[in-house]
Every structure is written in C-alpha cells, then in structure tokens.
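The values are calculated or read from the model by the stated rules, or taken from the named source; none is laboratory data. Keep in mind the model is a prediction, meaning the values are calculated, not measured. Cβ atoms come from the backbone with ideal geometry, glycine included; neighbour counts cover every protein chain shown. Accessible surface areas use protein heavy atoms only, side chains included; no ligands, DNA or RNA. Shrake-Rupley method; radii C 1.70, N 1.55, O 1.52, S 1.80 Å.
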Amino acid sequence: MKKSVSIIGGGPAALLLAALLDCKKFTVTIYEKNKTLGRKFLVAGKGGFNLTHSEPIAELIARYTPPHFLEKALLDFDNHDFRNWIDTIGIPTYIGSSKRVYPERGIKPITVLNAILKVLDEQGVSIQYENNWTGWTTNNNLIFNTDTEVQSDYTIFALGGGSWKVTGSDGTWLDLFKTQDIPVVPFQSSNCAYRVHWPEDFIMEHEGSPLKNISISCANKTQKGEAVITRFGLEGNAIYALSPQIKEQLESQQNATIFLDLKPALSYDDLHQKIKKSTLKKTSEKLQKEVKLSLAQIGLLKKYLSKETYLNPELLAQNIKKLRIEITGSSLLNDAISTTGGIQLNAVDENFQLKEMKHHYCIGEMLDWDAPTGGYLLQACFSMGMHLARHLNSIS
C-alpha cells in the first residue's frame, strides 16, 4: 500500500522533491496557498534567470553559511547533476560569462516551471491550490484554511523565507512552529541593500551610478563584482555576497565597516606610479584618464578624503585600494532578495527531519542558512529536494 506524502508549499525545493519521489511508493499531494505554484521562482527569473552556478563543487559548497550544513545534499545532487536532470525534461542550459548557468536563450522562466509541472503531472502528483496551512491538531494532523484536517504518513514543509510577500513567502508560519516548541530564529534581510549615509550633494549627483569592476571587503572576505549607489546606500552582487559578515558586525556593533577597492586590476605600486608620473595637472583628470576611474568613483574619493589626502599620490593610491565606508543598517525584509532565520539548523537531522516531530521535514529557505546570489539559493533548494526524495525513497 502506498504511503501518503503532504508537501506544504510550492517553491523550488518542493517541486524537485515531488518530481523525484517514487510514485510507486507514495501518493504525493502539494498544498499551495496561492492560486499557482512557483511564484517566487518566476519573480526571481525577471532579473536574469540563473538556475545554478558552474564553479567546482568544493568552491560552491564554501559559498554557503554555514557551509557544512548543506554539504551532503550538495554532494548528493550537485550543479552538474541538476543541469543533467533539467536537460532530460527539455530545458538545456549554458554557462554564461559570469560562470552562472542559464536556460538556453529564448527559454523563459514560465517554460522551465511548466516543464517541471509536466513531470509532476506524469508522476501523478496532486496539487491543491488555495490551501493555507494554519497549524496542527492535537494528534499532529495538518489543518488547512482553519477547518480542513489532513492526515499523512510524511509531512514536508517548504514554506520559504520572509521576503517578497507578494509571492506568498511572508514567513508568518514562524509562530506556528513556536507553539510546538521548535527552535526558530527571527528572519533577517540577506542579499539586500545596505544603508550608507551619503553626503547629500554626493547622492544628488551620483544616485543610480554603478561602481563597475570593483571589489568589496568586510572582515575576512573579499568579493569582486559591481555595486550601485542608491539614496539608501549600496546594492549589487559585490555587496550581497558579504551579507553574513556585514550582518554579524551590525548585530554586535550596530554598524559595519566595508572597504572598497576601486581598482582591483592594479596593484598599489602600479597605481601609485600611474598617479605620480602622470603629466596631467589636475588629480581628477589623472584618475579619470590614467587610472580609468568613473566620475562616481572619483566623487567618492573627493567626499571621503580630505583635500590633503586627495592631493597626496601615496595616500590617494592607498584609499583607491582601500576606501573605508560605514554601513549603518540593512533594507527591510520585504525588499531583500532572500532572508536568513527560520527553523534553527539544530532542530533537524541530516535528512532535514524535525528531531521533535517524527516524519515531519523542513527544506528550502525556511531553514536558517544563507547564500549569495548567482544561482546558489536555487541550487541549495534543488539539492535539498533531491536529497530528501532519495532518503524517503530508500526507507519506504
């Protein structure tokens, strides 16, 4: 006799799990509170739909915080395995110049989602829309829409994090787990904009300006990439990747310090010589024509350095390589690309089963882990879905 599996939520982790569970062993039902599945999946695709990252698996694992929590799942189903699997369902991929992995050109996010949903249909997965999970009965059966009771052999929660409320990923489920004495962590913004109190005249001139081909450092980590100057502060892939380090400093000190290297392609010595030996009279002209800094980069140096430092080639070069910027906060949860917080990692075992609730599992962003943008978030969700599917297939 088949065993019943209830999956709460319809994001990437849930979809992969449902697609890979053995339909000969399980009757699988997805309960989704929205009218459609994968809404956050589709919204994420609007900004460039990278499905995973192509870097070697050891480097990929090291991108996660904490790295070892997801190691087994990522090794069980890595980025190459995912590309091979999604190719078998009609979605070929390619590696872009940034080493991110995208669907072949012309394939839209909805096409990818529909290909996965076709697999679910072939697997006989039932999808119950507009079913909002509201808690448990006294004997741990599931309650939907305040009055519908569901009993199942296995329950998998894939409820998402606390950002992008428009997609249904609002994190309101956190209080339900608290009632069961399951340890949780409040949600915090990650991969988000960070607040910088720019001088008003600077932001009037440079709001929206990109800082290209830079690197940013915080604590012991450095990330190359781009950032954008906004009225709120800084955002972009170069600073998103430093979210764990920035958040740690914000929590302990109420502010964080980052350092911008405005010209990572040049060493300090080469930079110093270019400025010192330039025949141009004005420092700003030297920086623009000899060093190839943008007007926004030059504007940063002018605002953050004294006149004496700016006109001193040695000190100027030092600050181009290591310009200190103070971060005073992060953007709101709903404006963040992802969140940390949720179910504490020590509340689940190596197969994501809740230690205090047998046959109840949690996967995806609802667990308290972190990853930068660039395909890492999706890959982790896919890997968790596959890992749990293989585990359940093996024990039933």
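Couple of notes before you dig in:
- Restricting the range 72-107 to residues that are touching a strand residue (DSSP E or B) at 6+ places or on another chain (Cβ under 8 Å) and assigned to a helix (DSSP H, G or I), the residue that is surrounded by the most Cβ atoms within 10 Å (Cβ to Cβ): Asn79
- Strands (runs of 3 or more DSSP E) wholly inside the range 136-176 that include at least 1 residues being free of Cβ contacts under 8 Å to residues at least 12 places away in the same chain: 142-144
- The single condition among (1) among the hydroxyl-bearing types (Ser, Thr, Tyr); (2) in contact with a strand residue (DSSP E or B) (Cβ under 7 Å, 6 or more places away or on another chain); (3) farther than 30 Å from Gln188 by Cα that Ser338 does not meet is (3).
- Scan of the range 362-371 for residues that are outside any helix (DSSP H, G or I) and surrounded by 24 or more Cβ atoms within 10 Å (Cβ to Cβ), ordered by number: Cys362, Ile363, Leu367, Asp368, Ala371
- Matching residues in the range 152-172 - criterion: being at pLDDT 95 or above and either open to solvent by less than 40 Å² (accessible area, probe 1.4 Å) or within 24 Å of Asn34 (Cβ to Cβ) (or both): Ser152, Tyr154, Thr155, Ile156, Phe157, Ala158, Leu159
- Scope the range 108-135; condition open to solvent by 30 Å² or more (accessible area, probe 1.4 Å) and part of a strand (DSSP E or B); matching residues: Ser126, Ile127, Gln128, Tyr129, Thr134
- Candidate set: the range 211-230, residues that are open to solvent by 20 Å² or more (accessible area, probe 1.4 Å) and hydroxyl-bearing (Ser, Thr, Tyr); chosen: the one nearest to Gln249 (Cα to Cα): Ser217
- Annotation note: of Gln245, Gln249, the sole residue that is open to solvent by less than 60 Å² (accessible area, probe 1.4 Å) and touching a Cys at 6+ places or on another chain (Cβ under 6 Å) is Gln245.
- Residue that is farthest from the chain's Cα centre (by Cα), among those in the range 308-346 that are within 27 Å of Phe41 (Cα to Cα) and open to solvent by less than 10 Å² (accessible area, probe 1.4 Å): Ile343
- The range 272-283 residues that are closer than 13 Å to Ala317 by Cα, paired with ones that are in a loop (DSSP other than H, G, I, E, B) and open to solvent by less than 70 Å² (accessible area, probe 1.4 Å) (beta carbon under 6 Å, 6 or more apart): Lys274/Val291
- Candidates in the range 1-12 are the residues that are in contact (Cβ under 8 Å) with a residue 24 or more places away in the chain and out of contact with any strand residue (DSSP E or B) (no Cβ under 9 Å at 6 or more places or on another chain); of these, the one that is nearest to Leu159 (Cα to Cα) is Gly11.
- Just one of the listed residues (Ile30, Ile7) is part of a strand (DSSP E or B), touching a Gly at 6+ places or on another chain (Cβ under 9 Å) and either open to solvent by less than 10 Å² (accessible area, probe 1.4 Å) or closer than 17 Å to Asp370 by Cα (or both), and it is Ile30.
- Residue selected from the range 335-356 under the condition in a loop (DSSP other than H, G, I, E, B) and at pLDDT below 95, by the criterion nearest to Ala193 (Cα to Cα): Ala336
- Lone qualifier among Val125, Val166, Val101, Val150 - being under 25 Å from Leu333 (Cβ atoms) and of a type in the set (Val, Ile, Thr): Val166
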